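*Asks:* Here's a structure for you.
What follows is calculated from the coordinates using simple rules that are stated; it is not laboratory data. What you see is a predicted model; the values in this text were computed from it and never measured. A quick note on method: Cβ atoms are made from the backbone with ideal geometry, for glycine too, and the neighbour counts reach across all protein chains shown.
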Amino acid sequence: MSQQIPTRDLSPDPVKVHQPQMMDLYAKREKIHARSISGFFQYIRNVSLFATMALFFLLPWLNWEGRQAVIFDLPERHFYIFGWTFLPQDFFFLSWLFIIAAFALFAVTVLAGRVWCGYTCPQTVWTKAFMWVEELAEGNRNARMRLDKAPMSIGKFLRRTVKHSGWVVISVATGIAFIGYFTPVRDLWEQVSTGTLDFWMGFWLGFFSLATYLNAGWMREQICLHVCPYGRFQSVMFDRDTLIISYDYHRGDPRGSRKRGTTGEEAGLGDCIDCGMCVQVCPTGIDIRDGLQFECIQCAACIDACDSVMDQMGYDRGLVKYTTENLLEKTGDGQYHFIRPRLIGYTVVLSLMMGALLYALISRVPLSVEALRDRGQLYRENNDGWIENSYTLKIQNKAQTAAEYEIRAKSTTFPVQLDGEPIVIRLHAGELATRPISITADPEVITARRAEIEIVVTQRGNSSVRAETKNTFLSPQL
Ligand code: SF4
Ligand code: SF4
């Protein structure tokens, strides 16, 4: 039995290497007709497909306290996610969320390889949905291959029409759902259904629908192979205990066909009957028996295909399986190590970042305040002989309901007073108000030329909603 991973020698021919050669740098894409397969992992993928698509399509239609639960209102610059309202100033949360998602992806990749690609990536999910429509319209793999080669006929035209109509329906539904995250989806639907879409809305709907149609219908695995960067750098994140889908060459080689009921031993062969089923079901058209390849999106179709072949042959399942390099090649101690330093590192960093984000979200006050000094005048003496400083106050209600706020000012250096204190201001949900204010101090009590002041804004009836800002109070030379 071979002890080597099968490899192909791609080194240049030493005889030809010095001869000038013409080569075509353009390789025409060969259409992949993946055979559909059922099995344990495809069942999980189907569940994941429905869950992911249902979440994507239904989320914009959910309501929360009388408005769309999730909407990124770009013109208004308000981002609503259930009970939270985020403003452009809260961009920190979004960037933090992206960093967490990146770390989570790293951690999951170290643990279980490209499970994201195989089970939840939108490209994979939508492609699988499109392939399902294709099979409904044009039949199984052999029928589709025959149809491709056949000249145009009424039957072929009708099948193609049904397929493309199905794709267009999914694409347009995807476009509507996607835009529905940025504009009220019910209004959008009314405009679509009554044909009253304005130009820009129609443009974006066409753009996203076309992108879906091309990506999932035509480009499919090309996106994974040539556009997505993740597949290219995944191997950097893998270690010898990362779960990968692999062909067990110890058990499978040498390959060869044999009669059903004949064991590999009796045939003088390994357990691989060289039926090619694992290749036929592969959506990226590779042979898993060639070893780990960047084209493999770990969809596990080859596992289900090979398991069904093993069942038919009466062999043990798992010739193609989830395994690790250590287990497969019996390197190290030949054991699977779930806990390992890199994974611990990612988990600790991830937990800390998620904890920090959670704390920041929970302790987030739905109110912001900012004070800008009047640049035209350092201070002035008012009619009462008091020293007065002027500021412009910006207050924003980040809550989803209107509220009243009290504004006060204080200083620990000497007593100051806000003109008209306490000022009460009412703001609508999300409203940003700009208001000039004056702070005064009795010259008798002024003890320093410069004092730090604090302007405090508190929601009436809910003192936990409170925001403050610091600034400087200037006085004449003592
Ligand atoms: S090799 Fe197997 S797991 Fe990888 S993409 Fe092909 S069928 Fe899916
Ligand atoms: S499906 Fe299994 S038995 Fe058939 S060629 Fe692939 S690895 Fe060999």
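*Asks:* So for the range 72-145, what are the equivalent ellipsoid semi-axes in whole Å, largest first, each being the square root of 5 times an eigenvalue of the Cα gyration tensor?
*Replies:* So the three semi-axes of the range 72-145 are 37, 21, 8 Å.
*Asks:* Kindly state, to the nearest 0.05, the FRET efficiency for R466 paired with C228, given R0 = 41 Å and r defined as their beta-carbon distance.
*Replies:* Efficiency at R0 = 41 Å is approximately 0.35.
*Asks:* Here's a follow-up. Over all alpha-carbon pairs of the range 351-430, lay out the pair-distance distribution in 10 Å bins, whole %, shortest bin first.
*Replies:* It works out to 14, 33, 28, 18, 6, 1, in whole percents.
*Asks:* Roughly how large, in nm² to one decimal, is the mean projection of the convex hull of the alpha-carbon atoms in the chain?
*Replies:* For the Cα atoms of the chain, the hull's average projected area reads 37.8 nm².
*Asks:* Next up: Any idea what angle helix 185-194 forms with the longest principal axis of the chain, computed on alpha-carbon atoms, 0 to 90 degrees, nearest 10?
*Replies:* 60
*Asks:* Related question: Work out, step by step, the length gained on full extension between F50 and K156: first 0.36 nm times the residue separation, then minus their alpha carbon distance; give nm to one decimal.
*Replies:* 35.2 nm
*Asks:* Further question: Using only Cα atoms, what is the ratio of the radius of gyration of the range 375-473 to 2.2 N^0.38 Å?
*Replies:* So the range 375-473 has a normalised radius of gyration of 1.14.
*Asks:* Which order do the peptides 58-64, 359-365, 238-244 come out in when sorted by mean C-beta neighbours inside 10 angstrom, highest first?
*Replies:* 238-244, 58-64, 359-365
*Asks:* Ok, one more. Please list, in order along the range 346-354, the HN-Hα scalar couplings obtained from phi with the Karplus expression 6.51 cos²θ - 1.76 cosθ + 1.60 (θ = phi - 60°), rounded to whole Hz, x for Gly and Pro.
*Replies:* 4, 5, 5, 4, 5, 4, 4, 5, 5
*Asks:* So how many Å³ per residue does the convex hull of the Cα atoms of the range 236-285 work out to?
*Replies:* Per-residue hull volume (Cα only) is 117 Å³.
*Asks:* Right, next: For R255, list long-range residues whose amide hydrogen, built 1.01 Å from N in the peptide plane, is under 5 Å from its own amide hydrogen.
*Replies:* G270
*Asks:* Once every Cα of the range 297-372 carries one equal point scatterer and solvent is ignored, give the base-10 log of I(q)/I(0) from the Debye formula at q = 0.16, 0.23 Å⁻¹, two decimals.
*Replies:* With one equal scatterer per Cα and no solvent, log10 I(q)/I(0) is -0.84, -1.05.
*Asks:* A further question follows. Taking K410 as the anchor, which aspartates and glutamates have their alpha carbon closer than 16 Å to its alpha carbon, excluding any fewer than eight residues away along the same chain?
*Replies:* Within reach: E370, E388, D419, E421, D442, E452, E454, E468.
*Asks:* OK, next. Pop the C-beta distance of T196 and S351 into the FRET formula with R0 = 56 Å and round what comes out to the nearest 0.05.
*Replies:* Efficiency, rounded to the nearest 0.05: 0.65.
*Asks:* If you don't mind, another one. If you look at just the Cα atoms of the range 26-131, how large are its Rg and its Dmax in Å?
*Replies:* When restricted to the Cα atoms of the range 26-131, Rg and Dmax are 18.4, 56 Å.
*Asks:* Too long at a 30 Å Cα-Cα cut-off: which of K128/K149; K28/K321; K163/K259; K31/K259; K128/K156; K31/K321?
*Replies:* Beyond 30 Å between Cα atoms: K28/K321; K163/K259; K31/K259.
*Asks:* Which value at 222 nm does the chain reach when only helices count, each DSSP H run of 4 or more adding -39,500 (n - 2.57), with the total divided by all residues and rounded to the nearest 500 deg cm²/dmol?
*Replies:* -11500 deg cm²/dmol
*Asks:* A further question on this structure: Using a Förster radius of 45 Å, what is the FRET efficiency between W204 and K259 based on their Cβ-Cβ separation? Nearest 0.05, please.
*Replies:* The calculated FRET efficiency here is 0.15.
*Asks:* Continuing with this model, one more query. How large is ³J(HN,Hα) for each residue in the range 460-468, as worked out from phi by the Karplus curve 6.51 cos²θ - 1.76 cosθ + 1.60 (θ = phi - 60°), to whole Hz, x for Gly and Pro?
*Replies:* 5, x, 8, 5, 6, 8, 8, 9, 9
*Asks:* Sort 121-127, 323-329, 444-450 by packing, meaning the average of other beta carbons within 10 Å per residue, with the highest value first.
*Replies:* Order by mean packing, descending: 121-127, 323-329, 444-450.
*Asks:* Counting pairs of alpha carbon atoms under 8 Å apart in space and at least six apart in sequence, what relative contact order in percent does the chain give?
*Replies:* Computed over the chain, the figure is 15 percent.
*Asks:* What order do you get for 288-298, 342-352, 453-463 when each peptide is scored by the mean count of other beta carbon atoms within 10 Å, highest first?
*Replies:* For the peptides 288-298, 342-352, 453-463, the packing ranking is 288-298, 453-463, 342-352.
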